[in-house]
1. What's the carbon and sulfur percent of the chain's accessible surface, probe 1.4 angstrom, rounded to a whole number?
2. With a cut-off of 20 Å, note down the residues of the range 164-199 whose backbone N falls inside the zone around a label point 7 Å from the Cα of residue 278 toward its beta carbon.
3. Kindly point out which whole DSSP H helices in the chain project their C-alpha atoms 18 angstrom or further along the helix axis while averaging a Kyte-Doolittle hydropathy of 0.0 or above.
4. Have a look at 225, 253, 288 and report the one farthest towards the positive end of the charge dipole of the range 184-292, computed about the Cα centre with Cβ charges (Lys/Arg +1, Asp/Glu -1).
5. Could you sort 41-50, 164-173, 248-257 so that the peptide with the highest average Cβ count within 10 Å comes first and the rest follow in order?
6. Rounded to whole Hz and in sequence order, give me ³J(HN,Hα) for the range 200-208 from the Karplus expression 6.51 cos²θ - 1.76 cosθ + 1.60, θ = phi - 60°, writing x for Gly and Pro.
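The values are calculated or read from the model by the stated rules, or taken from the named source; none is laboratory data. For clarity, every value in this text was computed on a predicted model and none was experimentally measured. With ideal geometry, Cβ positions are generated from the backbone for all residues, glycine too; neighbour counts draw on all protein chains shown. Ligands, DNA and RNA are stripped out before the accessible areas are found, and what is left, the full protein with its side chains, is counted by its heavy atoms. Shrake-Rupley method; radii C 1.70, N 1.55, O 1.52, S 1.80 Å.
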Amino acid sequence: NAPHRLMFAIGAANVLLAMAWWTAWLVDARWHLVGMPSPRVYGGWLHAIVMQYQVLAPFMFGFLLTVFPRWMGLADLPRRYYVPVGVGLFGGQLLTLLGALGPVQLLHVGAVLTLAGWSTGLFFLLRWVWQDHGNNRHALSCAAAMTLGLAGFALYAVFLHVPDARLIFAAIKLGSFGLLLPVYFTVAHRMFPFFAGNVVADHRPWRPSWILAAFWPLVLLHLGLELVHGYDRLWLADLPLLALSGSWLWRNWPLGKAPALLRVLFLGYAWLPVAMALYAGQSAWYALPGQF
């Protein structure tokens, strides 16, 4: 009846399937109980691809395909358009996991299905942004992140034909800092203060546009430094990201009586400045004694 219902159900199924495969792979790698075949793609790399691009993608597409038309005052997406997105994202992961267990050809078919589902969903997101003339900054930010996500998964698909480790390294980094973090940061910037303003007395939401505008250059700088192994310079991006995410959290933290569900959102977000502090500390340590 709605994109998020279908996509969230697919995402939940993908979570369970991915957890089952990963648990079996770890157990067998340690104790050799079953003698599972080694996948064409190293298991740790494949786990990073599956979790970032196939497990989490249905949740993101389900949310964005539902809220984009509401954010912009446009028509909702008919069922016949969003069902193929779900079919591609579910079938793509299923065949990828089957390919990890056996025929390598299934990895290729799984990648094609995922690319097809992702491209279809992204087409509709970009079409809404075009119809809105790019006026909604949150939609524009999420669409940019989903585009980078498509590019990242495409690098993994190329890696299946050209086994150059730099390709899958770039795919994994794009998944983290080109796709997941920008989508999360953008949705939190829009929705968390809105939720708090609705349920916490005297709460004043704080979500200035410059926070989102400053975030993108910094996260792209971090991504670029990761791709060229510039770990000793990551602090150039991570210290500002720490200040940015920390100040946003400080200004929006619900001080009054708040439902536990709301506090969970902000506690989850609190890991972002913690992560940036750890990245910056690691980078500074690597720049000084030269140890990673």
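1. Values: 9880 of 14200 Å².
Ligands and nucleic acids excluded, carbon and sulfur give 70 percent.
2. Backbone N within reach: 172-185.
3. On the way: long enough: 3-31 (41 Å, 0.75); 57-72 (22 Å, 1.18); 79-101 (33 Å, 0.90); 105-131 (39 Å, 1.02); 137-159 (33 Å, 1.33); 181-199 (26 Å, 0.86); 209-227 (28 Å, 1.60); 235-252 (25 Å, 0.48); 260-287 (41 Å, 1.13).
Those that clear 18 Å and a mean of 0.0 are 3-31, 57-72, 79-101, 105-131, 137-159, 181-199, 209-227, 235-252, 260-287.
4. About the Cα centre, the residue reaching furthest to the positive side is 253.
5. On the way: 41-50: 19.3, 164-173: 17.7, 248-257: 15.0.
Descending packing order for the listed peptides: 41-50, 164-173, 248-257.
6. After applying 6.51 cos²θ - 1.76 cosθ + 1.60, I find 10, 5, 6, 7, 10, x, 10, 8, x Hz.
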